[in-house]
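Trainee: This is the structure, below, for whatever I ask next.
Read-outs: derived from the displayed coordinates by stated rules, not from any lab. These figures come from a predicted structure and were not determined experimentally. Positions of Cβ are generated from backbone atoms using ideal geometry, with glycine treated the same way; all protein chains shown enter the neighbour counts.
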Amino acid sequence: MSRDATPYGADSRRGAKSARTAINGAEGADTPVAGFYRGKLRSKGALCGIYIWYGAPLDPITGEELDRSHRWQAHCNGEYVEIEDVWPYGVQQHITEREYNKFCQQQQWAKQHAPNSALANPKRRSDPLTSPLYF
């Protein structure tokens, strides 16, 4: 049996764009798309709200814009995270700003009432037996 002359990367079953990249609207996985997303910071973690934007960095203490070069940035439930932690694998689906704010409120509630849960810390693994039920 001989091999055909089709180059390895030209196989139609192995498309150049993945379905995830096409859904998020990005031209490629290297360029983020600004907006609000639902996603996870780790596998088997709790869902969280992710906000991605391009702009001047914010001061970590006061929250004011710094006089620095613009860059891609991300917040997870209102807290700064590295863009590499969420793009392209952390984001799953576009959401509205209202839904993002609900994720932020959920994390604030969990920090007070269940500080050891994955809802309070999105980088922690979610355990369905010990996770609180948020209503």
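Trainee: Is there a quick way to get the dipole size of the stretch 29-113? I mean about its Cα centre, with the Cβ of Lys and Arg at +1 and of Asp and Glu at -1; what is the value in debye to the nearest 20?
Mentor: Computed about the Cα centre, the dipole is about 520 debye.
Trainee: Follow-up. Can you work out the FRET efficiency for the pair SER43 and ARG68, with r the C-beta to C-beta distance and R0 = 35 Å, to the nearest 0.05?
Mentor: 0.60
Trainee: Assuming a ≥ b ≥ c are the square roots of the Cα gyration tensor eigenvalues, decide whether the stretch 86-135 counts as rounded (a/c under 1.5), prolate (otherwise, with a/b larger than b/c) or oblate.
Mentor: Here the stretch 86-135 falls in the oblate category.
Trainee: In terms of the Cα gyration tensor, with a ≥ b ≥ c the square roots of its eigenvalues, is the stretch 29-113 rounded because a/c is under 1.5, prolate because a/b exceeds b/c, or oblate?
Mentor: oblate
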